[in-house]
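Accompanying notes for the structure given below.
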Amino acid sequence: MRFDRGLRLLIAGSFLLAAPAVFGENRAEQCTAAVISPAASAAGGAVLWKNRDTAVLSNKVVFVRETPYSYAALINAEGASGRQAWAGLNSAGFAVMNTVAYNLPQKSGELQDLEGVIMADALRTCATVEDFERLLRANLGPDLGARANFGVIDGSGRTCLFEVHNHGLEKFEASAAPEKYLVVTNFARSGRAGAGAGYLRFDRAGRLFASLPPGRPIDFQTILTRFSRDCGHALLRNPDPEEWKNIPAEPGLWIHARHTINRPDTSAAVVIVGKNPEDPESSATMWVIPGEPLTAVAVPLWVEAGRSPEPLWKGENAPLWEESARIKTLIHPIDEYDKNEYLLVSRLDNADGTGFLPKLLEAEEAILRETEAFLKTRPEPAEKADFQDRMAARALAAMKAVK
């Protein structure tokens with residue numbers, strides 16, 4: 001399949017005008033992600049994880065009815081058409097996410113920063129990892145507009161990382177890695193050594209995965225609830241979450257959060273649990289934490305539901321992202337350059353019991369538990385739609401209760 005060049009030029013121009021802050025070497029797009037093969041997954045299917053770091057903090061999740069495949073996608077709030085996707089899952093069980101790879105080549109005068117368009121096209125047209133590779137290879141050249149790592153999974157359990165620029169790509173199979181998973185931030189393994197970005201987060205994420213019990217499959221819940229919210233630092237000694245409850249509420253404790261996995265510019269966390277290749281009737285689930293992960297509650301979604309819950313998309317700014325933004329001011333109360341990179345940990349949890357995070361995690365744990373039981377009933381599409389609506393409403397209520 002060849003992309004429509006005129007449409008891509010139009011999107012590229014409008015995107016540059018709408019969001020200039022996310023381009024070039026200012027490196028505002030700094031995501032943390034992982035691709036996990038079924039061999040390392042407790043869920044039986046492959047897993048994709050992405051913490052999206054961006055200057056566009058107001059996001060939505062939309063359902064896009066398309067041919068041959070419909071899909072659910074994480075988008076910028078103003079891009080309601082879903083023509084650009086920053087992570088997503090389609091009706092064939094194919095899923096994709098990306099991180100910018102700043103050490104891959106990029107030629108002046110060629111199209112760039114079109115990864116969102118590429119992923120939307122992939123969600124609409126691809127059923128397998130092989131389909132995605134064919135899509136990329138058919139469009140290599142100055143009009144591709146890519147400098148990125150793409151993580152992809154499909155219903156058969158294939159789990160790959162593609163490192164892509166306009167004139168080439170490298171493919172890595174997660175199942176071929178010694179750990180059966182691959183961590184990725186903002187440099188490509190095939191790119192210029194020592195260049196790029198995200199090395200501190202890469203080291204931290206690697207340590208988190210390595211700290212899991214050896215030989216035990218990785219459960220997606222740990223990635224969703226713990227790794228996405230991690231405030232550890234690869235070089236500095238930041239207190240672990242278990243220590244937060246011992247911190248005095250006043251005067252409080254600050255940490256620098258620019259190089260942590262949960263960052264002030266994290267707009268969402270997405271964990272996609274793929275179909276179990278051994279179970280043809282299984283469903284892929286897309287979990288979304290709407291906003292900076294420390295300020296929000298995860299919601300489960302299914303493409304088969306045929307819609308996205310209203311709190312994830314309705315209005316100029318989706319209600320779940322609005323609530324997350326409100327809560328964010330509690331832990332990032334100083335909105336000044338440099339100072340906004342610091343996080344007031346004692347607002348999350350403290351020795352006085354006045355932190356808000358335990359209640360959010362309690363609500364999320366209940367959603368996870370009920371979702372696990374719900375999926376065991378082999379629900380119909382309409383039941384999935386109603387269930388995800390209820391879970392989104394519960395997440396919103398829990399977040400509104402934070403004062």
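Take S324 and decide whether it is at pLDDT 95 or above, touching a strand residue (DSSP E or B) at 6+ places or on another chain (Cβ under 8 Å) and either assigned to a helix (DSSP H, G or I) or on the phi > 0 side of the Ramachandran plot (or both). Yes. Would it be correct to say that A122 is crowded, with 18+ Cβ neighbours inside 10 Å and in contact (Cβ under 8 Å) with a residue 24 or more places away in the chain? So A122 fits the description; yes.
Every residue in segment 312-321 that is surrounded by 13 or more Cβ atoms within 10 Å (Cβ to Cβ), touching a residue at least 24 places away in the same chain (Cβ under 8 Å) and of a type outside the set (G, A, S), please.
In the first step, residues of segment 312-321 are kept if they are surrounded by 13 or more Cβ atoms within 10 Å (Cβ to Cβ); the result is 312-314, 317-321.
Remaining after also requiring touching a residue at least 24 places away in the same chain (Cβ under 8 Å): 312-313, 317-321.
Correct list: L312, W313, N317, P319, L320, W321.
Taking the listed residues R237, R229, the one that is farther than 20 Å from L330 by Cα, of a type outside the set (A, V, I, L, M, F, W, C) and either out of contact with any Cys (no Cβ under 9 Å at 6 or more places or on another chain) or surrounded by 13 or more Cβ atoms within 10 Å (Cβ to Cβ) (or both) is R237, with no other qualifying.
The C-beta contact set for segment 353-364 (first residue in a loop (DSSP other than H, G, I, E, B), second residue aromatic (F, W, Y), distance under 9 angstrom, 6+ apart or interchain) comprises G355/W244. Selection of segment 336-355 for residues being surrounded by 22 or more Cβ atoms within 10 Å (Cβ to Cβ) and among the acidic types (D, E) yields only D349.
Restrict the check to segment 51-66 and report whether at least one residue is without any contact (Cβ under 8 Å) to a residue 40 or more places away in the chain, under 30 Å from C231 (Cα atoms) and of a type outside the set (A, V, I, L, M, F, W, C). The answer is no; no qualifying residue exists.
Of everything in segment 180-195, what is under 18 Å from G151 (Cα atoms) and either of a type in the set (A, V, I, L, M, F, W, C) or under 21 Å from the mean Cα position of the chain (by Cα) (or both)? Give them in sequence order. Explain how you work it out, then say what you get.
Looking only at segment 180-195, we keep the residues that are under 18 Å from G151 (Cα atoms), and these are 180-191.
Correct list: K180, Y181, L182, V183, V184, T185, N186, F187, A188, R189.
Condition check ((1) outside any loop (DSSP other than H, G, I, E, B); (2) at pLDDT below 95; (3) not β-branched (V, I, T)) across all residues:
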{"site": "P178", "(1), (2), (3)": "no, no, yes"}
{"site": "V183", "(1), (2), (3)": "yes, no, no"}
{"site": "R189", "(1), (2), (3)": "no, no, yes"}
{"site": "G206", "(1), (2), (3)": "yes, no, yes"}
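Kindly establish whether G252 is buried (at least 24 other Cβ atoms within 10 Å of the Cβ), of a type outside the set (A, V, I, L, M, F, W, C) and touching a strand residue (DSSP E or B) at 6+ places or on another chain (Cβ under 6 Å). Please lay out each step first, then the result.
On the way: buried (at least 24 other Cβ atoms within 10 Å of the Cβ): no; of a type outside the set (A, V, I, L, M, F, W, C): yes; touching a strand residue (DSSP E or B) at 6+ places or on another chain (Cβ under 6 Å): yes.
No; evaluated as a whole, the condition is false for this residue.
Restrict the check to segment 198-206 and report whether at least one residue is acidic (D, E) and in contact (Cβ under 8 Å) with a residue 24 or more places away in the chain. Full working, then the answer.
Initial filter on segment 198-206 (acidic (D, E)): 203.
Cutting the leftovers down to in contact (Cβ under 8 Å) with a residue 24 or more places away in the chain gives us 203.
Among the residues of segment 198-206, at least one is acidic (D, E) and in contact (Cβ under 8 Å) with a residue 24 or more places away in the chain, which makes the answer yes.
Could you check how many residues of segment 237-281 are hydrophobic (A, V, I, L, M, F, W, C) and under 22 Å from E323 (Cα atoms)? Working first, answer last.
Quick first cut of segment 237-281, residues hydrophobic (A, V, I, L, M, F, W, C) only: 244, 247, 249, 253-255, 257, 261, 268-273.
Next, from what is left, pick out any that are under 22 Å from E323 (Cα atoms): 257, 261, 268-271.
Number satisfying all stated conditions: 6.
The values are calculated or read from the model by the stated rules, or taken from the named source; none is laboratory data. Keep in mind that what you see is a predicted model, and the values were worked out from it rather than measured. Neighbour counts run over all protein chains shown; Cβ positions are idealised from the backbone, glycine included.
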